Amino acid sequence: MTGVYDPVSSVFPGRQNWRLKVRVVRVWDMFPIDEPSRTFSVEMVLVDQMGTRIQASIRKPMMRRFSGSVIEGEAYKMHYFGVVRNLGSYRSTKHEFKLVFHPRTRIMRCDVGNISLHGLSPMNTQEIMSTNGRSDYLVDTIGVMTAVSAEKRSFRDGRMTRVMQMELTDDKGKIQCAMFGNYDMVGDLLHGIGNELPVVVVMFAKVKMYKGEVVLQNVLNTTKILCNPNIPEVETFRDGLTIHDIDILAPMGVIQEDHQSIPLKEEFLASHPRKTIKQLHNTEEDGLFIVLASIVTVIGNANWWYAACKCHRAVTMDGDSYYCSACGMHVQEVSSRFKLKLEVYDGEDTAAFVLFDSDSEMLLGRSCAAMLSDLKDNPPDDVSYLFDDIAGKEVLFKVEKPSDYAFKFDDSFRVKKICCDTSVINEFKDENAVVTPDARVLRVPFPNLDDIPQDDGGRGAIPGEESKDTCVELNPVSLDEVVSPSAKCYGTNESGTSNAAKERVKGKKKLKLKEAVV
């Protein structure tokens, strides 16, 4: 491979004999969210001596041939590629096209000193803010870490995910960056921070809109974070700190929560009125109510999930793609999310309660994607057996009843949160315990504050220690996340609660449930 090399900026479809001399600045695996061990492609970003970046892909048929041949940070001479259009809302480069390895592709490691080690193309905070959270491209930025949040733990896809936020400051302003997953280098840096605030480089981050603010979020396996790297771009950034009056000797700030979370016990025992199901049906009050009931069955069990856009709204098939009416656009990638319509019974009456993704996942102990994965090879006609473990389960429900609930929710009630903690349920049943505002009086004096579980400040459960709070409800900048592959629905349209469904409470199941609530 000798001779003249093509600039990356000149790559276009219709020609395959491209000759490139580039450095690999990032490599990551692509896999289904529910099957992280099943890699279906290896993605990389290449940069040439002109600083132009382009994405390249090694798809599954070529993975064995090129596995281990491309190393992040190394430079290569590369020859012969397929060229396709660069599409999607998570584009790692602004190049119009990307490269695809095929059987004729040839690569050879080489030594080059004139190609940037990271190929940075940083944007300042003002430029990022100007996107209004609508950019299809991943971005780089450099800033001083001026504040950081406590680490949280979010229950997602059947496993705990670590969540941390940091504030980056440059001469144009400040921006927050939410990090999901394993970013130990940030924590390690904070322990040995010394006398100066660190300069942080964030590469390949997604721009999002959260609560009206533009923020950054990492992308699984793709985003790269460098702390105080010894590179020219950071040296240039440091030279401007004094000019723009950014004090790197200031103490590290702390990112506070927008609101203090309510301890679980207080939320279900002392924050909302309690109701029986009969009272819930008959009350003319609007608001949130706490109901203790046992699960009878899942109504319309073939419709327990839906395909969702990144905004979490349902999508519909439109030709070969999906259409999201909430976003007003076609989307190529969707995720699977729970929507369980439960028939519940409190020993006196029945109702239909609707649970969505996070509460359903907590109740079932599995993610929607994982359950669909078990069914994909042989989808049965009747999937009711999937929910056998929750039949008869006693749960505290925080339900919402708007004045137009019969019209809006098809005579069912939307569940805002659930509690399966037996200690809280038992205290709810205890007539001598502090009760919710239904009676408007206190039956016992105020408890000692030391006896009430306190908010942990967002730190989450201590690793290795079983948490008694089984209803952790985190709403981080979870903006989105990496989506799972789309899946086809096996069911038909969801039905409402019928008289026939209510009759199923009779017989042995009814006796069993009565025993459960006595």
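Restricting attention to region 91-122, which residues are polar (S, T, N, Q), open to solvent by 20 Å² or more (accessible area, probe 1.4 Å) and more than 27 Å from the chain's Cα centre (by Cα)?
Initially, region 91-122 is screened for residues polar (S, T, N, Q), giving 92-93, 105, 114, 116, 121.
Of the ones still in play, those that are also open to solvent by 20 Å² or more (accessible area, probe 1.4 Å) are 114, 116, 121.
Once the filter is applied, which keeps residues that are polar (S, T, N, Q), open to solvent by 20 Å² or more (accessible area, probe 1.4 Å) and more than 27 Å from the chain's Cα centre (by Cα), region 91-122 yields ASN114, SER116.
Only one residue in PRO122, PRO103 is closer than 30 Å to TYR5 by Cα, modelled with pLDDT of 90 or more and out of contact with any strand residue (DSSP E or B) (no Cβ under 8 Å at 6 or more places or on another chain), so which one is that? Lay out the reasoning, then the answer.
Numbers: PRO122 fails: out of contact with any strand residue (DSSP E or B) (no Cβ under 8 Å at 6 or more places or on another chain).
From the options PRO122, PRO103, the qualifying one is PRO103.
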> Out of (1) open to solvent by 70 Å² or more (accessible area, probe 1.4 Å); (2) at pLDDT below 85, what's the single condition that is false for SER373?
Replying inline: (1)
>> Regarding region 20-30, can at least one residue be identified that is over 25 Å from the mean Cα position of the chain (by Cα), within 22 Å of ASP136 (Cα to Cα), open to solvent by 40 Å² or more (accessible area, probe 1.4 Å) and at pLDDT below 95?
In response: no
>> Between a residue in region 318-334 that is touching a residue at least 60 places away in the same chain (Cβ under 8 Å) and under 19 Å from GLY133 (Cβ atoms) and any residue that is surrounded by 12 or more Cβ atoms within 10 Å (Cβ to Cβ) and of a type in the set (A, V, I, L, M), which pairs come within a Cβ distance under 8 Å, given they are 6 or more apart or on different chains?
In response: GLU333/VAL483
>> Take the conditions in contact with a helix residue (DSSP H, G or I) (Cβ under 7 Å, 6 or more places away or on another chain) and hydrophobic (A, V, I, L, M, F, W, C) and apply them to ILE71. Does it pass?
In response: no
>> Let me spell it out: the conditions are (1) of a type outside the set (Asp, Glu); (2) under 28 Å from the mean Cα position of the chain (by Cα); (3) over 30 Å from VAL383 (Cα atoms), and PRO273 meets all of them except one. Which number is the exception?
In response: (2)
> Taking ALA56 and the conditions (1) open to solvent by 30 Å² or more (accessible area, probe 1.4 Å); (2) at pLDDT 95 or above; (3) touching a strand residue (DSSP E or B) at 6+ places or on another chain (Cβ under 6 Å), which numbered condition does it fall short on, given that it satisfies the others?
Replying inline: (1)
> VAL344 passes all but one of (1) under 30 Å from ALA270 (Cα atoms); (2) of a type in the set (Val, Ile, Thr); (3) buried (at least 21 other Cβ atoms within 10 Å of the Cβ); (4) within 22 Å of the chain's Cα centre (by Cα); which number fails?
Replying inline: (4)
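Can you tell me which residue within region 123-149, out of those that are within 30 Å of PHE66 (Cβ to Cβ) and not in a loop (DSSP other than H, G, I, E, B), is most open to solvent (accessible area, probe 1.4 Å)?
Across region 123-149, the extreme among qualifying residues is TYR137.
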> Are any of the residues in region 403-424 of a type in the set (S, T, N, Q), at pLDDT 85 or above and open to solvent by less than 10 Å² (accessible area, probe 1.4 Å)?
Replying inline: yes
> Within region 44-74, can you find the residues that are in contact with a Gly (Cβ under 9 Å, 6 or more places away or on another chain) and not hydroxyl-bearing (Ser, Thr, Tyr)?
Replying inline: VAL45, LEU46, VAL47, ASP48, GLY51, ARG53
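The values are calculated or read from the model by the stated rules, or taken from the named source; none is laboratory data. Bear in mind that the values here come from a model prediction, so they are computed numbers and not experimental data. Every residue, glycine among them, receives a Cβ derived from its backbone with ideal geometry; neighbour counts consider all protein chains shown. We work out accessible area using only protein heavy atoms, side chains counted, and drop any ligands, DNA or RNA first. Shrake-Rupley method; radii C 1.70, N 1.55, O 1.52, S 1.80 Å.
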